[in-house]
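Q: Dropping the structure in here first, questions after.
The values are calculated or read from the model by the stated rules, or taken from the named source; none is laboratory data. If you're wondering where the values come from, they're calculated on a predicted model, not measured in any experiment. Using ideal geometry, Cβ is built from the backbone for each residue, glycine included, and neighbour counts are taken over all protein chains shown.
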Amino acid sequence: MAIARVVLDTRNNSKKKDGSYPIALRVHHKKTRYIALGYSTSLHGWDDRNGRLKKSDICNQFKDYDSIEDEIHDKLYLAKKKIKNFGDDINKIDVSQLVREIKNSWDKQIQTTERHRIDNSISLVECGNKIIERKRKMNSPSTAEWYQSCMNRFLKFIKSEDIRLDEITVSILKDYEVEFVSRGNKPGTINSYMRGIRAIYNKAIEEDEFKPLSNPFKKYRIPTSKNTKKRATSKDNFLEIRNLRYPEDSILWHAKNYILIMFNCRGMNLVDLVKLKLKNINGDRLYYGRSKTGDPLSVKITSELSDIISYYIINKNSEDYLFPINYDGSTEHYEKYKSIRRRVNERLKIIAADAGIEEKFTTYTIRHSWATIAKYLGISTELISEGLGHNSLRTTEVYLKSFENEKLDNANEKIVN
């Protein structure tokens, strides 16, 4: 019967000039042979019982302990596997041939690993830049900017200009998370940056550009935010906004109109509002494509919406933008849109204060508010999801999370009082 074991080769002729001995695979099959594994240590630095280096010994302190352990373990495993696969036929060969077979199995493993590295040489930046370029060509500059931001922050953390996808490990991801936490970042921030890296990684797999031996994102769980801040405001607050009076054609007068337009259009995003043209109006409906997903949406024009829009359609052609603030949706002019969004949100702060709204009020608040008010009125989550133009109910449920918490709080008040 053949036996393979990792040992310290302490034979007299094996001792090195520095007093250490080579680590070897001892193969016994009628006779004994030693296969040097390329590493050495002292008698005190070797754990003979477990066949491994002593991590605590001073002679091993500058060695790459984990890598050496992995390599030795892998070679021992392959040797034992080779012996097992021979079965009874092992008696037909001598120890020298067995040693050759074991070495061949090691060479094949090394070739397979190297071949895999060559075949999977794509890097994070290489794959990420492809996605970013696509998003820009599709006029999705905000998504492109998000991918770029996620890549930049990750590369800054690893202190490198790039990293191969097969070099991203669970350990790196955990260390990255710890770095976020140490800086006081909230789980939502960590989640956003991590999802960007995962999206690039999975996109490379999806497009057959990369085949991982082990996907770290299947073992590492991206942190999620347990507590979602309330982003919605009540219907009464929108009534207060309706009652505000500003001089016609003033910047606050327009900003108030934009709030009510977005509210009447089922929580329309600001980016979709500023892209509207006269041709988007057809009869009693407003048709537009949602910028984030590209999905077509149609909204029936309410009486309030009709009254507001009537001011903006005077003397305009079908290709004219409806509103003074406008954006063509291109990547080239994305900075212009960001400037528009910033100015509108500044004006919304003033309007919210005038209406007595104490919580933070932005264009995003309008969208969350429409969804939450709809839920209070008994409208199903499925219908709300369709109204918002969401591709999944899970996204809608995030919008309604604060509503569910408040509903439970109200129920608890009734129970305990």
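Q: Considering Arg342, Arg347, which residue is at pLDDT 90 or above, touching a helix residue (DSSP H, G or I) at 6+ places or on another chain (Cβ under 7 Å) and of a type in the set (D, E, K, R)? Spell out how you get there, then give the answer.
A: Numbers: Arg342 fails: touching a helix residue (DSSP H, G or I) at 6+ places or on another chain (Cβ under 7 Å).
Exactly one residue qualifies, and that residue is Arg347.
Q: State all residues of the stretch 54-106 that are in a helix (DSSP H, G or I), modelled with pLDDT under 85 and among the small types (Gly, Ala, Ser); if no residue qualifies, say none.
A: Ser67
Q: Right, something else. May I ask you to list the residues in the stretch 69-104 that are of a type outside the set (D, E, K, R) and over 25 Å from Ser40 (Cα atoms)?
A: Going residue by residue through the stretch 69-104, those that are of a type outside the set (D, E, K, R) are 72-73, 76-79, 83, 85-87, 90-91, 93, 95-99, 102, 104.
Listed by number, the residues that qualify are Ile83, Asn85, Phe86, Gly87, Ile90, Asn91, Ile93, Gln97.
Q: May I pose another question? Which is within 20 Å of Ser385 (Cα to Cα), small (Gly, Ala, Ser) and touching a helix residue (DSSP H, G or I) at 6+ places or on another chain (Cβ under 7 Å), of Ser298, Ser291?
A: Values: Ser298 fails: touching a helix residue (DSSP H, G or I) at 6+ places or on another chain (Cβ under 7 Å).
Just one listed residue meets the conditions, Ser291.
Q: Give me the helices (runs of 4 or more DSSP H) completely within the stretch 184-297, filtered to those with at least 3 residues that are under 29 Å from Ser318 (Cα atoms) and aromatic (Phe, Trp, Tyr), ordered by residue number. So that I can check it myself, show each step before the final result.
A: On the way: elements: 187-206, 235-243, 251-264, 270-273.
Filter on the stretch 184-297 gives 251-264.
Q: Within the stretch 38-49, identify whether any single residue is on the phi > 0 side of the Ramachandran plot, assigned to a loop (DSSP other than H, G, I, E, B) and at pLDDT below 90, and answer yes or no. First the steps, then the outcome.
A: So the first thing to find is which residues in the stretch 38-49 are on the phi > 0 side of the Ramachandran plot, and the list is 38.
When the remaining residues are screened for being assigned to a loop (DSSP other than H, G, I, E, B), the result is none.
Checking the stretch 38-49: not a single residue is on the phi > 0 side of the Ramachandran plot, assigned to a loop (DSSP other than H, G, I, E, B) and at pLDDT below 90.
Q: Being of a type in the set (Asp, Glu), under 22 Å from Lys211 (Cα atoms) and touching a residue at least 24 places away in the same chain (Cβ under 8 Å) is the filter here; which residues of the stretch 117-171 pass it?
A: First, the residues of the stretch 117-171 that are of a type in the set (Asp, Glu): 119, 126, 133, 145, 161-162, 166-167.
If we keep only those that are under 22 Å from Lys211 (Cα atoms) as well, we get 119, 126, 162, 166-167.
Within the stretch 117-171, Asp119, Glu126, Asp162, Asp166 qualify.
Q: Another one. Taking the stretch 1-47 on its own, how many of its residues are within 14 Å of Val95 (Cβ to Cβ) and of a type in the set (Phe, Trp, Tyr)?
A: Adding up the residues that qualify gives 1.
Q: I would also like to ask the following. Within the stretch 306-348, how many residues are over 29 Å from the mean Cα position of the chain (by Cα), assigned to a helix (DSSP H, G or I) and exposed (fewer than 15 other Cβ atoms within 10 Å of the Cβ)? Working first, answer last.
A: Here is the first cut: in the stretch 306-348, the ones over 29 Å from the mean Cα position of the chain (by Cα) are 306-326, 343-344, 346-348.
Then drop every residue that is not assigned to a helix (DSSP H, G or I), which leaves 306-312, 343-344, 346-348.
Narrowing further to those that are exposed (fewer than 15 other Cβ atoms within 10 Å of the Cβ): 306-307, 310-311, 343, 346.
Matching residues across the stretch 306-348 total 6.
Q: Filter the stretch 282-296 down to the residues that are more than 28 Å from the chain's Cα centre (by Cα) and buried (at least 19 other Cβ atoms within 10 Å of the Cβ), then identify the one that is modelled with the lowest pLDDT.
A: Quick first cut of the stretch 282-296, residues more than 28 Å from the chain's Cα centre (by Cα) only: 282-288.
Still in the list and also buried (at least 19 other Cβ atoms within 10 Å of the Cβ): 286, 288.
Values: Leu286: 89, Tyr288: 84.
Among those residues, the one meeting the criterion is Tyr288.
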